[in-house]
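So that we are looking at the same thing, I have put the structure below in structure tokens.
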Amino acid sequence: MQRRGFTISIRQYGCPPGVSLVEVVVAMGIASVLMGISMTTMHTILRAERETSKAAWLGSSFQRFSHLFRADIHAADDVRLPAEGGTEITLQQPDKRSVTYRIDQHQIFRVVTSQGEVAHRDVFYLPEGSHAQFFEQQRLHRAGISIEEPDPLQRVLSKNYSKSDQSGRPAVQELSIISTIGHDYRLADLKLKQPEKETKKTE
């Protein structure tokens, strides 16, 4: 008695063909690479957004500080630098009112005192790594603040490169705010016109 063999084709009944282990490994490798690239891109975008927001916030804080500091110096009758190193300055104003500025690392505190009592407090921020000090030019009857802050481009590259340039000194940008003590800036726009003189033609 002979047995008849028979074969069943898988494709005949619509079943998909099998997938090899190599194809699975390749697909997983490609997916891992694409996921890594997308995660790196998202991290870079979020870091850039944080740096931009922080720069805008620091700029707004410095602009407000610059305006108030100039106004306080203009309104001052006397300037005192009690602390060594120029980390504190007191601006005496009329009516027993005084404004004290104090530098603490990258923060500047402003305290307004009226009649011996604290009337108002403010705090302003500088970029991390900044160095600031107050000064008075008695001969010119002026006062101000000198600020050295890290270069913005250097701060971005500081994670990959050294913070110092070829000369060994950190890359910084210097700026200063100087105002005249007791100068009424409201009169700055006054223009004194010289009287016009008639000129005669000479023949």
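Whenever you get a sec, compute what percent of the accessible area on the stretch 60-111 sits on carbon and sulfur atoms (1.4 Å probe).
Values: 1210 of 2760 Å².
On the stretch 60-111, the fraction of accessible area on carbon and sulfur atoms equals 44 percent.
Hey, another quick one. Under 5 Å between amide H atoms, partner at least 5 residues away or on a different chain: which partners does Arg142 have, H built in plane at 1.01 Å?
Those qualifying (amide H under 5 Å, at least 5 residues apart or on another chain) are Gln137, Ile181.
The values are calculated or read from the model by the stated rules, or taken from the named source; none is laboratory data. In this text, all values refer to a predicted model and were calculated from it rather than measured experimentally. These area figures cover heavy atoms from the full protein model, side chains too; ligands, DNA and RNA do not enter into them. Shrake-Rupley method; radii C 1.70, N 1.55, O 1.52, S 1.80 Å.
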